[in-house]
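Colleague: The structure follows.
The values are calculated or read from the model by the stated rules, or taken from the named source; none is laboratory data. Quick caveat: nothing in here was measured; it's all calculated off a predicted structure. Here the Cβ positions follow ideal geometry from the backbone for every residue, glycine too, while neighbour counts run over all protein chains shown. The accessibility values were calculated without ligands, DNA or RNA, using every heavy atom of the protein model including side chains. Shrake-Rupley method; radii C 1.70, N 1.55, O 1.52, S 1.80 Å.
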Amino acid sequence: MPSIEITESILNTLKQLRVKFLVNLFLITSLVLLGFVAEAQKIEVGAGLGVFNYKGDISPSFKFRFVKPAGSLFFRYNPNQALSLRAEVAAGLVGAADQYSKDPFQKARNLSFRSRITEISTVAEYNFLDYQEKRYAVNWTPYVFGGIGYSKFKPDVVTDNYKTNTFIIPYGVGIKYQIKRPWNIGLEYGTRKTFSDYIDNLGGDPKNNDKLQQGDPSRKDAYYYIRLSVSYTFYRIVCP
């Protein structure tokens, strides 16, 4: 019917605008950080390597068994000793299986999934110690972070028609240490709160009367990112 087609067209347009907004936000943040390089010379570029871990209907709590490989690239700008701003792109895998649960319901359901995730995010870090730019200082600090991002996931098997993207709220804790100027290393534990219940291919909306094929609508999926990182600080930038 015409009204249904118009509604679907509006929803698709809004979806495209939402994706463009997040991509533009990430690009603008990156350009702003790069713009600060010429003025402040306090920018880092780095890479991280670690694991994703999923939390949802199939794995209600963190289980080391379900960790999957992940990695990222990031820009970090340090305007002062207490604050750092970061733009990051990350990708990896998540997965879980009911067969490893002690819950009789999950064992009877016996579902499993595996999904690829790609995300972009911008976050602010608060440093608890003075992260000083001194050549011979012991330069390290624990920190907390939070921000906004956008995640795209792609299950190996899609059993229903649902959105495979979601806004995310990344937050967590970390520690960074300048091993030898200009090189830094870091360890970070972060949570990605999502607004989707379909990362595990098991949404909360009932499709039939079979309870084994239904998820918990009161709980959205989430995933964690634990990584080690190495970054390089630019102290001297030649600008045209």
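Residue-wise test of (1) open to solvent by less than 70 Å² (accessible area, probe 1.4 Å); (2) modelled with pLDDT under 60.
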site	(1), (2)
4	no, yes
7	no, yes
40	yes, yes
44	yes, no
61	yes, no
86	yes, no
94	yes, no
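Colleague: Determine, yes or no, whether residue 169 is in contact (Cβ under 8 Å) with a residue 60 or more places away in the chain, of a type in the set (A, V, I, L, M, F, W, C) and crowded, with 16+ Cβ neighbours inside 10 Å.
Modeller: So residue 169 does not fit the description; no.
Colleague: Another question, then. Restricted to segment 63-84, and to residues that are among the aliphatic types (A, V, I, L, M) and over 29 Å from residue 219 (Cα atoms), which residue is modelled with the highest pLDDT?
Modeller: Only one residue fits best here, namely 73.
Colleague: Here is a further query. If we keep just the residues of segment 92-124 that are hydrophobic (A, V, I, L, M, F, W, C) and outside any strand (DSSP E or B), which is farthest from the chain's Cα centre (by Cα)?
Modeller: Going through the qualifying residues, I end up with 108.
Colleague: Quick one: in segment 62-103, of everything that is in contact with a strand residue (DSSP E or B) (Cβ under 7 Å, 6 or more places away or on another chain) and of a type in the set (Ser, Thr, Tyr), which residue is nearest to residue 191 (Cα to Cα)?
Modeller: Out of the qualifying residues, it is 72.
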